[in-house]
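Read through the structure below, which is laid out as structure tokens, and then see the notes.
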Amino acid sequence: MPTTSTTTSPPTAPTATSSQIINADHPRWNEFLDALGAALDRTKCKGGMSKVLSRRIMRDMGLDRAAIAESCRWFETWGGYCDCEVLSNVSWWAEVVSGEEEEE
């Protein structure tokens, strides 16, 4: 009698909805940036791909793991590979795209 092999896919991680992702459209974006700026005033950025401060702030803001992971991917899309780059590059690009950057 031939045996039939059944394979099951591993469970997929829940994905965050766009309203949960911290980005420039999120209502708490400025709160996140303020908290990150204050944290970077007290602690040196680890550089590289470390977003330990950003992750901690988002966790403290009540985001779940999926939303934090998606937010970090969004940051990287805009040049935010570490905490200080999230604050400088991502916040700058968000202002440019939204048209809020002041002209010199």
How many residues does segment 17-32 hold that are at pLDDT 95 or above and buried (at least 17 other Cβ atoms within 10 Å of the Cβ)? 1
First in segment 79-91 and in contact (Cβ under 8 Å) with a residue 12 or more places away in the chain and over 15 Å from Trp29 (Cα atoms), second anywhere and of a type outside the set (Lys, Arg) and part of a helix (DSSP H, G or I), Cβ under 7 Å, 6 or more apart: Gly79/Glu85; Gly79/Asn89; Gly79/Val90; Gly79/Trp93; Cys84/Leu40
Hey, can you tell me all the residues within segment 41-73 that are surrounded by fewer than 17 Cβ atoms within 10 Å (Cβ to Cβ) and either of a type in the set (S, T, N, Q) or within 15 Å of Asn89 (Cα to Cα) (or both)? Thr43, Gly47, Gly48, Met49, Ser50, Arg73
Could you please give the count of residues in segment 28-40 that are in contact with a helix residue (DSSP H, G or I) (Cβ under 7 Å, 6 or more places away or on another chain) and either of a type in the set (Phe, Trp, Tyr) or over 15 Å from Ala94 (Cα atoms) (or both)? 6
Among the residues of segment 62-97, the number that are of a type in the set (Gly, Ala, Ser) and part of a loop (DSSP other than H, G, I, E, B) is 3
Do the conditions hold for Val97, that is, is it among the aliphatic types (A, V, I, L, M) and modelled with pLDDT under 95? yes
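The values are calculated or read from the model by the stated rules, or taken from the named source; none is laboratory data. Since we're looking at a predicted model, the values are computed, not measured. Note that we place each Cβ from the backbone using ideal geometry, even for glycine, and neighbour counts take in every protein chain shown.
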